[in-house]
Number of protein chains: 2
Amino acid sequence: MPVGTQATVKAVPHGTLESLGAQIILANTYHLYLRPGHDSIRRMGGLHKFMSWPRALLTDSGGFQVFSLTALRKVTDDGVRFRSHLDGSSHSFTPEHSIDVQIALGADIAMAFDECTEYPADRRRAEESFRLTLDWAHRSLAHFRAHRHEVVWHESGVPPQEDGVPPVPPVWGLGRDDRTQSLFAIVQGGMFRDLRRQCAERLVEMDFDGYAIGGLSVGEPRELTLEMISEVLPLLPRDKPRYVMGVGYPDEIEQYTRMGVDMMDCVLPTRAARHALLFTSVGRLNIKNKQYSEDQSPPDPACRCLVCCRYSRAYLRHLVQSAEPLAATLNTIHNLAYYLGIMRRVRQDLAQL
Amino acid sequence: MPVGTQATVKAVPHGTLESLGAQIILANTYHLYLRPGHDSIRRMGGLHKFMSWPRALLTDSGGFQVFSLTALRKVTDDGVRFRSHLDGSSHSFTPEHSIDVQIALGADIAMAFDECTEYPADRRRAEESFRLTLDWAHRSLAHFRAHRHEVVWHESGVPPQEDGVPPVPPVWGLGRDDRTQSLFAIVQGGMFRDLRRQCAERLVEMDFDGYAIGGLSVGEPRELTLEMISEVLPLLPRDKPRYVMGVGYPDEIEQYTRMGVDMMDCVLPTRAARHALLFTSVGRLNIKNKQYSEDQSPPDPACRCLVCCRYSRAYLRHLVQSAEPLAATLNTIHNLAYYLGIMRRVRQDLAQL
């Protein structure tokens with residue numbers, strides 16, 4: 001899932017995302033809650049209509065951003081109080097409030113409100129975070145079940161679409177058949193296998209529409225990421241989406257997909273692109289480097305994306321050096337094409353098994 | 001002509017420019033001379049190939065940027081010494097050097113090196129500028145005639161094209177038939193009708209491939225712009241392109257075209273877009289304004305561009321408010337569609353006369 005924090009995948013027009021084959025975008029509840037505001041988006045018919053994106057959307061719970069972006073956080077059993085990173089104003093998220101905001105946004109998939117365990121965290125801290133996450137998952141689910149019919153596109157059954165926009169590809173038939181949103185739970189537990197296992201088992205008992213593994217890619221060594229995924233994945237139902245949050249590098253997403261992970265999101269392809277880092281079949285290129293100044297070969301000789309078919313490394317380097325906005329656009333398009341290409345290839349491989 | 005200062009129309013991918021119907025782009029000699037350098041661009045096959053733009057290109061002479069962007073300029077009869085706005089390094093442009101740089105860049109149309117008269121300028125100053133411009137036009141033309149065959153695409157007859165790129169629409173058959181570039185002269189003379197007239201007559205005697213009226217839109221009242229164009233235009237050959245530099249607002253470009261002007265360039269549609277100003281059939285919109293925060297109508301209800309067909313005013317406002325790079329892209333696409341739409345309509349009207 002390309003990340004579209006503020007209801008836009010930075011620097012890329014929607015039509016280009018569609019032609020790249022992006023089926024679903026992740027948008028950030030915390031950012032959209034602050035600006036333009038979830039009530040405003042609801043009044044405008046929900047996030048699909050507001051941003052004019054007819055394909056699937058997922059909103060995170062806001063928890064991760066509250067923990068990573070805000071100052072003066074105060075966590076209680078009830079929820080989190082925090083100050084906005086935009087203007088310092090005071091706000092609070094509880095599980096119920098996060099769900100209300102996500103229902104107002106109206107993405108296809110909403111996420112239960114969790115507490116993301118930092119790394120490193122000792123046993124005591126991980127247990128506390130595990131306890132909160134389970135309690136908040138209960139409350140998220142109860143509130144979601146009581147209010148899920150309030151999503152603005154409940155009546156029509158699918159998120160509103162603009163005329164002339166291509167039909168929505170089904171994402172596992174989630175939400176749309178039920179004429180409402182889906183809710184996923186998030187497995188936490190720090191880097192403790194038994195806590196992870198317990199957390200997964202308890203969440204599965206609650207019967208969510210899908211399951212995510214959170215609190216990974218937060219600074220731990222990669223073997224530990226893999227160990228936690230290997231521990232948790234077999235405990236999650238095979239007939240429901242299994243989602244690893246916040247990963248990863250190209251080889252990681254391929255590895256996890258082959259292990260049975262269905263969904264991932266990461267800012268890496270888009271953020272790296274804005275810092276002139278391209279992922280290619282011949283390795284990572286820092287396209288800013290002087291060695292590319294007269295290199296007329298395509299960014300990735302094996303890639304057929306619109307950037308690699310038209311522009312040279314020398315031209316991309318010139319755009320970066322000149323601080324031209326087109327640099328971010330073209331670099332991002334290529335990186336997304338590369339990531340989505342990996343996923344397409346792996347899906348084909350898996351379909352042949 | 002959309003302005004593509006650094007070999008890119010800021011924030012817009014080339015394919016989008018093609019689908020908008022842009023036939024020709026203006027690139028700035030001064031900027032490309034400094035970065036990545038004209039020799040580098042020549043080694044890479046010229047500007048068309050470097051930036052992967054198969055349609056027509058025009059380069060200005062560098063004179064205007066030297067006068068507007070650089071510090072410590074020193075003008076002599078020979079040329080101009082100046083310091084780079086990038087790093088303060090010392091450079092000089094003479095008519096011969098400007099032509100050499102433009103031949104290295106290899107645009108379809110090059111411009112004679114001129115001295116742009118500032119506004120206001122008294123008679124004595126305008127006469128001096130007029131004298132220099134005529135002298136430099138002579139030298140530009142002589143040097144161009146001696147070296148025009150050195151353009152990198154001279155052998156092939158047309159600028160190099162990438163495979164699979166749509167064919168180049170002819171721009172008045174200029175350059176391409178001659179298998180080399182065209183050179184246009186620039187009429188100066190401040191706001192003095194007799195100087196303007198004399199300048200035009202002397203330049204026409206020299207027999208350039210086309211003629212531009214420069215030194216307008218430099219701060220003078222609009223009636224004066226119109227007066228100068230009205231004075232000069234009838235003196236320029238009807239069978240050669242007549243180009244007014246650096247204009248203008250939508251109603252201006254329509255007015256001048258109906259008077260017989262064939263070409264114009266202006267940063268207004270692109271620069272205004274980056275400052276959230278949209279030109280529409282219902283007037284200018286500052287899309288940042290709060291009044292648009294929940295306005296779900298298209299930016300311009302009469303426009304069929306890809307922005308107006310898909311996105312709402314509320315969404316564009318959100319992108320601007322959130323400092324998202326997509327704001328510049330979408331706003332620029334609409335403004336260019338609006339400007340190019342005016343030109344298309346006027347061309348159709350004129351074809352029916």
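Odds and ends about this structure:
- C-alpha center-to-center spacing [the stretch B:178-229, the stretch B:122-156] in angstrom: 13 Å
- Cα-Cα pairs of the stretch A:1-127 separated by more than 22 Å (percent): 38 percent
- Distances from B:Tyr119 to itself in the other copies, using label points 7 Å out along the Cα-Cβ axis, amount to 6.2 nm in increasing order.
- Debye equation applied to the C-alpha atoms of chain B, log10 I(q)/I(0) at 0.08, 0.11, 0.14 Å⁻¹: -0.39, -0.75, -1.20
- When only Cα pairs below 8 angstrom with a gap of at least 6 residues are kept, the stretch B:40-163 shows a relative contact order of 32 percent.
- C-alpha long axis of helix A:193-206 to longest principal axis of chain A, angle in °: 70 degrees
- The stretch A:83-150 - charge dipole about Cα centre, Lys and Arg +1 at Cβ, Asp and Glu -1, debye rounded to 20: 160 debye
- Nearest-first distances (nm) between copies at A:Gly15, label 7 Å from Cα via Cβ: 1.0
- A cut-off of 5 Å between modelled amide H atoms, ignoring neighbours fewer than 5 places along the same chain, links A:Thr70 with no other residue.
- Most fluctuating residue given options B:Asp87, B:Asp251, B:Asp108, as computed from a GNM of chain B linking Cα atoms under 10 Å: B:Asp87
- Filter on A:Lys288/B:Lys49; A:Lys10/A:Lys74; A:Lys290/B:Lys49; A:Lys49/A:Lys240; A:Lys10/B:Lys49 - keep pairs with C-alpha separation over 24 Å: A:Lys10/A:Lys74; A:Lys49/A:Lys240; A:Lys10/B:Lys49
- Packing-based order for B:314-322, B:215-223, using average beta carbon neighbours within 10 Å, highest first: B:314-322, B:215-223
- Calculated [222 nm] ellipticity per residue, helices only, for the protein assembly as shown: -13000 deg cm²/dmol; basis is -39500 (n - 2.57) per DSSP H run with n ≥ 4, divided by all residues, nearest 500.
- Per residue, the convex hull spanned by the Cα atoms of the protein assembly as shown amounts to 172 cubic angstrom.
- Peptide A:276-285 is shielded by partner chain Cβ atoms: per residue, an average of 0 of them sit within 10 Å of its Cβ.
- Selection from B:Gln6, B:Met191, B:Ala56, by position along the positive dipole direction of the protein assembly as shown (Cβ): B:Met191
- Descending semi-axes in Å of the stretch A:266-308, equivalent ellipsoid built from Cα gyration tensor: 17, 14, 8
- Dipole magnitude for the stretch A:220-263: about 220 debye, using +1 per Lys or Arg Cβ and -1 per Asp or Glu Cβ, origin at the Cα centre.
- Accessible area per residue for the protein assembly as shown is 39 Å², calculated with a 1.4 Å probe on protein heavy atoms, without ligands, DNA or RNA.
- Shielding by other protein chains, B:5-18, mean Cβ within 10 Å: 5
- Protection-proxy order for peptides A:263-272, A:57-66, B:198-207, each taking the mean of Cβ atoms within 10 Å per residue, highest first: A:57-66, A:263-272, B:198-207
- Ascending list, in nanometres, of distances separating the A:Asp87 label from those of the other copies (7 Å, Cα toward Cβ): 4.4
- Taking Cα atoms only, the orientation of helix B:250-259 departs from the longest principal axis of chain B by about 50 degrees.
- Note: relative contact order over the stretch B:66-113, using C-alpha pairs below 8 Å and six or more positions apart, is 23 percent.
- Among beta bridges from DSSP that stay inside chain B, the antiparallel ones total about 40%.
- Point-charge dipole on Cβ atoms (K/R +1, D/E -1) for the protein assembly as shown, about Cα centre, debye to 20: 320 debye
- Rounded to the nearest 10 degrees, the angle from helix A:95-105 to the longest Cα principal axis of chain A is 50 degrees.
- B:Ala323 versus A:His154: modelled label distance in nm, points set 7 Å from Cα along the beta carbon direction: 3.9 nm
- Total accessible surface hidden between A and B, rounded to 100 Å², 1.4 Å probe: 3300 Å²
- For the stretch A:1-141, the antiparallel share of DSSP beta bridges with both residues in that region comes to about 55%.
- Cα gyration tensor shape of the stretch A:177-271, rounded if a/c is under 1.5, else prolate or oblate by comparing a/b with b/c: oblate
- Counting Cβ atoms of other protein chains within 10 Å of each residue's Cβ and taking the mean over peptide B:320-333 gives 5.
- Contact order relative to length of chain B, as percent, for alpha carbon pairs under 8 angstrom and 6 or more apart: 14 percent
The values are calculated or read from the model by the stated rules, or taken from the named source; none is laboratory data. What you see is a predicted model, and the numbers here were worked out from it, not measured in a lab. So basically every Cβ, Gly included, is an ideal-geometry build from the backbone, and we count neighbours across all protein chains shown. All accessible areas refer to the heavy atoms of the entire protein, side chains included, with ligands and DNA or RNA removed. Shrake-Rupley method; radii C 1.70, N 1.55, O 1.52, S 1.80 Å.
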